[in-house]
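Everything on this sheet refers to the single structure shown next.
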Amino acid sequence: MIGKLRTMIGEIGSGGEAPTESAEFRAGFVAVIGLPNVGKSTLVNALVGQRLSIVTHKAQTTRQRLLAIYTDEGHQAVFVDTPGLLEPRYLLQQGMREEAERAAVDADVVVYVVDVGYPRSIEHAREWGGVRSVPVVLCINKIDRVNKTTLLKIRVELERDSSWNAIIETRATHEEGIEELRAIILDRLPPGPALYPEDDVATAPLRFFAAELVRETCFEQLDQELPYSIAVGIEEFRESEEPVFISATIFVERESQKGMVIGRGGAMIRKIGTASRHKLEALIESPVYLDLRVKVLHNWRRNPARLKLLGYPVPSRKA
Ligand SMILES: Nc1nc2c(ncn2[C@@H]2O[C@H](COP(=O)(O)OP(=O)(O)OP(=O)(O)O)[C@@H](O)[C@H]2O)c(=O)[nH]1
Ligand SMILES: [Mg+2]
């Protein structure tokens with residue numbers, strides 16, 4: 001029920017007490033960065049053991065940084081899932097890029113992720129001139145996509161750059177290598193007290209996760225480029241009602257896109273609604289009534305005021 005979830009997803013300072021300081025305790029921020037679609041969000045979810053960050057097969061799914069917290073008796077790692085490092089083509093992407101860069105600069109440990117089956121991501125790892133003032137762990141993900149000989153060859157090539165603090169191979173979808181990766185990260189956290197209450201797993205409010213689940217469903221149900229024009233806002237979230245009442249707006253950029261989201265005779269919006277409702281019910285562990293509508297917010301991806309309205313990072317510098 002929601003009460004239980006509240007203790008899991010508390011806002012900063014809203015949950016229980018932070019664990020008391022002890023000499024051995026280690027805590028810090030861990031930025032997870034890399035090109036789009038390499039598996040950053042899948043890794044973060046596996047590292048904290050909860051499905052918090054949305055994952056799709058399309059690149060550029062994550063749009064803003066998301067904090068996911070792992071706590072055990074001796075450590076607290078605050079994982080920062082970031083948007084993929086891409087060359088910005090419009091304002092939203094520029095803000096996404098800045099979020100990722102800022103997260104890396106602010107982190108105590110950086111996990112740089114490559115998709116071993118995607119040559120550009122290996123090239124990017126070699127060229128990447130990011131922060132080296134903190135330990136950078138290289139995570140070679142999607143090891144199931146290449147054979148053992150190729151994997152070894154790529155690993156040897158990447159090992160030539162001695163600035164990686166550690167190198168680890170993972171298959172995030174199957175939790176392979178996750179425990180080892182987590183242990184390596186926890187070991188490299190600086191000594192210090194926990195930053196968040198030990199029961200918290202995230203810092204964003206429930207509404208954020210609800211909106212993200214609807215957006216994930218849009219990525220799954222809509223073709224090609226259309227999901228990139230979509231943003232989701234939660235208008236109402238009435239937890240005291242049974243079923244819980246949630247009303248959400250799907251924003252598109254053009255009138256023609258509105259028709260595509262609604263579909264013939266409303267077929268598509270019904271499909272998105274049903275799939276989203278199931279995800280929301282799993283999230284809050286309670287029956288949900290979901291009211292979905294579609295609105296046009298012209299060219300929101302390129303408009304600073306509209307980005308702000310939708311809760312997205314507004315870039316600080318001009319493209
Ligand atoms: N085969 C394989 N697929 C994986 C693995 N890890 C993640 N994936 C898939 O890769 C796709 C992208 O995963 P995400 O976690 O969304 O990647 P991301 O880096 O967060 O992507 P952006 O948010 O778009 O930058 C999804 O379809 C995942 O299921 C893996 O180890 N092996
Ligand atoms: Mg992601």
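The values are calculated or read from the model by the stated rules, or taken from the named source; none is laboratory data. What you see is a predicted model; the values in this text were computed from it and never measured. Because the Cβ atoms are built from the backbone with ideal geometry, glycine has one as well, and the counts that use them run over all protein chains shown.
Structure notes:
- Filtered residues of region 148-203 (kept if within 16 Å of ligand 2 (Cβ to nearest atom) and of a type in the set (S, T, Y)): T170, T173
A quick yes/no check of all residues on (1) of a type outside the set (F, W, Y); (2) crowded, with 19+ Cβ neighbours inside 10 Å; (3) farther than 17 Å from E212 by Cα:
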position	(1), (2), (3)
S229	yes, yes, no
E236	yes, no, no
E239	yes, no, yes
A248	yes, yes, no
Q257	yes, yes, yes
H298	yes, no, yes
K308	yes, no, no
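- The criterion of at least 1 residues that are out of contact with any Asp or Glu (no Cβ under 8 Å at 6 or more places or on another chain) and within 17 Å of R301 (Cβ to Cβ) is met, among helices (runs of 4 or more DSSP H) falling completely within region 170-273, by 206-221, 255-262.
- Failed criterion for V156 (all others in (1) in a strand (DSSP E or B); (2) out of contact with any helix residue (DSSP H, G or I) (no Cβ under 7 Å at 6 or more places or on another chain) hold): (1)
- Members of region 63-110 that are of a type in the set (D, E), within 12 Å of ligand 2 (Cβ to nearest atom) and at pLDDT 95 or above: D81
- Residue check, V232 touching a Phe, Trp or Tyr at 6+ places or on another chain (Cβ under 8 Å) and modelled with pLDDT of 95 or more: yes
- Test: G39 is surrounded by 22 or more Cβ atoms within 10 Å (Cβ to Cβ) and touching a strand residue (DSSP E or B) at 6+ places or on another chain (Cβ under 9 Å): yes
- Screening T61, T82, T56 for residues that are crowded, with 22+ Cβ neighbours inside 10 Å, more than 21 Å from L195 (Cα to Cα) and under 20 Å from the mean Cα position of the chain (by Cα) leaves exactly one candidate, T61.
- Qualifying residue in region 216-226 (condition: under 24 Å from Q50 (Cβ atoms) and of a type in the set (F, W, Y)): yes
- Within region 203-227, the set of residues being modelled with pLDDT under 95, under 30 Å from V134 (Cβ atoms) and crowded, with 20+ Cβ neighbours inside 10 Å comprises just one member, T203.
- Scanning region 38-55 for residues that are away from ligand 2 (no atom under 16 Å from the Cβ), closer than 21 Å to D200 by Cβ and touching a Phe, Trp or Tyr at 6+ places or on another chain (Cβ under 6 Å) turns up nothing.
- Among residues of region 258-270 that are under 10 Å from V294 (Cβ atoms), those with a Cβ under 9 angstrom from a residue that is among the small types (G, A, S), sequence gap 6+ or separate chain, pair up as I269/G263.
- Listed by first and then second residue, the pairs with beta-carbon distance under 9 Å, at least 6 apart or on different chains, first residue in region 128-147 and modelled with pLDDT of 95 or more and part of a loop (DSSP other than H, G, I, E, B), second within 16 Å of ligand 1 (Cβ to nearest atom) and among the charged types (D, E, K, R), are K142/D115; K142/R171.
- Identity of the residue in region 296-314, within 25 Å of the chain's Cα centre (by Cα) and not in a helix (DSSP H, G or I), that ends up farthest from P205 (Cα to Cα): N299
- Qualifying residues in region 280-296 (those that are surrounded by fewer than 18 Cβ atoms within 10 Å (Cβ to Cβ) and hydrophobic (A, V, I, L, M, F, W, C)) - the one modelled with the lowest pLDDT: A282
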